[in-house]
Amino acid sequence: MAAAQTLDTLVQALQCLPGVGVKSASRMAFHLLQQDRDGALRLAQALQTAIAALRHCALCHTFTEDEVCATCRDPQRDHGLLCVLETPADQAAMERTGAYRGLYYVLMGRLSPLDGIGPQDIGVRQLVERLQHGEDRPVREVILATNFTAEGETTAHVIGHIVKSLRLQVTRLARGVPIGSELEYVDLGTIAHALADRR
């Protein structure tokens, strides 16, 4: 394979990352090849290892090396709380807060009818099965922590409706003014939601 062809293949591969276009991918490729070949080898090795070792947890769908992740196996977690999120990255962010001690269910996506993504594509059926025929400690509250995008709101609405039909308590993450912000700089939609969700 010619050098130009090899370089093009690398640039195209880097474009699979979110938000990376041709220019960014080219910069990354040239940086790795010119200035950080050791870093490029470490990156390639880390990707191969992660792909070979990581799988989805049988209960919550986050990434794990085991059949069931450490969070789902932890007896100290509150098994009556189930937080529903879109991605493992969202779960990691929730864990970093240190404020939540329940269990999770990761949808691995969100509803997007325009893109042809329906409830069957994001594991809603498995969520319902878990809520109906779960472990010996039943879920008492489902916390919907999908993103506050149009698709995330649609996903929360659909799942909330299903959870209510199962006669379980369902709550949604609150929206509001970020800590440390000044009202004059906060967008109007956020202020309106904070006012509506005031406590």
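Here are the numbers for this structure:
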item	result
Angle between the chain longest axis and helix 150-165 axis [Cα atoms, degrees, rounded to 10]	40 degrees
Per residue, in Å², the accessible surface of the stretch 120-199 once ligands and nucleic acids are set aside, probe 1.4 Å	70 Å²
Antiparallel bridges, percent of DSSP beta bridges restricted to the chain (to nearest 5)	20 percent
Using alpha-carbon coordinates, inclination of helix 37-53 to the longest axis of the chain, degrees	40 degrees
Convex hull volume per residue in cubic angstrom - Cα atoms of the chain	200 Å³
Accessible-area composition of the chain, carbon plus sulfur, in percent [1.4 Å probe]	57 percent
Cα lying deepest toward the dipole's positive end in the chain, options 127, 10, 166, charges on Cβ	166
Computed label-point distance, nm, for sites residue 198 and residue 15 using a 7 Å Cα→Cβ extension	5.1 nm
Gaussian network model of the chain, Cα within-10 Å springs - most flexible of 81, 103, 41	41
Rounded to 10°, Cα long-axis angle of helix 124-133 versus longest principal axis of the chain	40 degrees
Cα-only Debye scattering, the stretch 1-48: base-10 log of I(q)/I(0) at q = 0.21 Å⁻¹	-0.75
Listed residues 53, 72, 195: farthest to the positive end of the dipole of the stretch 41-199 (Cβ charges)	72
The stretch 1-118 - accessible surface per residue (Å², probe 1.4 Å)	63 Å²
Rg and Dmax [Cα atoms of the stretch 1-104; Å; Rg one decimal, Dmax integer]	18.8, 59
Cα-centred dipole magnitude for the stretch 1-110, charges only on beta-carbon of K, R (+1) and D, E (-1), debye, nearest 20	240 debye
At R0 = 22 Å, FRET efficiency that the Cβ-Cβ distance of residue 183 and residue 149 yields, to 0.05	0.40
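The values are calculated or read from the model by the stated rules, or taken from the named source; none is laboratory data. Quantities reported herein were computed from a predicted structural model and do not represent experimental measurements. Because the Cβ atoms are built from the backbone with ideal geometry, glycine has one as well, and the counts that use them run over all protein chains shown. Side chains are part of the model used for accessible areas, which takes the heavy atoms of the whole protein and leaves out ligands, DNA and RNA. Shrake-Rupley method; radii C 1.70, N 1.55, O 1.52, S 1.80 Å.
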